[in-house]
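Working notes, beginning with the structure itself.
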Amino acid sequence: MSPLDPDRWRPAPFLPDGDSRDGALIFVVATLCFLACLTALSVLAANRAARGWSGQLAAEATVIVRAKANETPDGAAARAAETLAGVPGVAEARALEKEKAEALVAPWLGDLADLGDLPVPRLVEVRLERENPATAAALDRALKTQGLDAVVDDHSVWMEDIQRAARVAQGFGAAVFLLIAGAAGATVAFATRAGLAAHRDVVEVLHLAGAEDGFIARLFQARFARMAATAGLFGAAGAAIIGAVLRISGGGEGLTPVLPIRWIDLVAVVPAPLLAAAVAAAAARLTAQALIRELD
């Protein structure tokens, strides 16, 4: 093979494949992708927990029964439970024992040695049918028809609080995700600026040779897109491993019922390499074009 064989003497690429700064950049972008994936998993788990709690509250109601002068508290609660059990849409109605009712109100009344002399109301637990649940208005009408002094709590206030908390978690997760994406873009933009500064003389030579600005910008775009995709793959894999560990450690409800992670949630990390590459490509191209115009 001659010394001038074209298979041996190939022109070096404008941007070498290896650079001493690549490792640090990949580590930073991988860490950002890892945090973004964990944020996505947390938001999915929080939404699932909120839906589960809302479903449980929507399937139940609590009735506070106060005894009238001509009956005992236990008798009033039993009569209320019997009345509610016959309402369409009610699966079961059960009066709580006196001890449970007193245990529920004791924290609000303080440390009292004896609650027997106080007119402590009784509670009735109502389990509603899931497909056609009875409304709070229907339960209230049935109780009033029987002359019972009772208040129906359909947990709507609690459900609104849970749904509001779920919306806050979604907004917070979206804000964190956008912040991380912005940080990744800024990191790539800084790396692009450093790369152009290091190859300033080559850029000038390419300009003299007639290379268009778009061609030079595409070189940086392709390079940093590949690096970001690799970093995104590492970050997504790390987040998937953490999610799998939490799922295995916690059993059917994940690590905790507050954040129940399921296997299907791990699919959320799959787009991370593509999203990282897209953000890096956009940041690199815009930065390269702006800097090349400054060199003109």
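The values are calculated or read from the model by the stated rules, or taken from the named source; none is laboratory data. The shown structure was predicted, so the numbers you read here are calculated from the model rather than taken from an experiment. Every residue, glycine as well, gets a Cβ built from its backbone with ideal geometry; the counts of neighbours run over all protein chains shown.
At a glance:
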{"item": "Criterion: acidic (Asp, Glu), modelled with pLDDT of 80 or more and either closer than 27 Å to residue 169 by Cβ or in a helix (DSSP H, G or I) (or both) - qualifying residue of 102, 82", "result": "82"}
{"item": "Top-ranked residue in the stretch 243-263 [being more than 23 Å from residue 162 (Cα to Cα), surrounded by fewer than 16 Cβ atoms within 10 Å (Cβ to Cβ) and among the hydrophobic types (A, V, I, L, M, F, W, C); ranked as modelled with the lowest pLDDT]", "result": "248"}
{"item": "Selection count where residues are surrounded by fewer than 19 Cβ atoms within 10 Å (Cβ to Cβ) and either part of a helix (DSSP H, G or I) or at pLDDT 80 or above (or both), scope the stretch 179-207", "result": "17"}
{"item": "The stretch 139-153, residues that are at pLDDT 85 or above, within 43 Å of the chain's Cα centre (by Cα) and surrounded by fewer than 16 Cβ atoms within 10 Å (Cβ to Cβ)", "result": "141"}
{"item": "Residue list for the stretch 42-74, filter: more than 25 Å from the chain's Cα centre (by Cα) and either in a loop (DSSP other than H, G, I, E, B) or basic (Lys, Arg) (or both)", "result": "66, 67, 68, 69, 70, 71, 72"}
{"item": "Residues (in a helix (DSSP H, G or I) and more than 16 Å from residue 93 (Cα to Cα)) located in the stretch 138-160", "result": "144, 145, 156, 157, 158, 159, 160"}
{"item": "Boolean, residue 147 is closer than 30 Å to residue 75 by Cβ and small (Gly, Ala, Ser)", "result": "yes"}
{"item": "Residue among 168, 176 that is crowded, with 17+ Cβ neighbours inside 10 Å, in the same structural domain as residue 39 (by TED's automatic domain parsing) and modelled with pLDDT of 85 or more", "result": "176"}
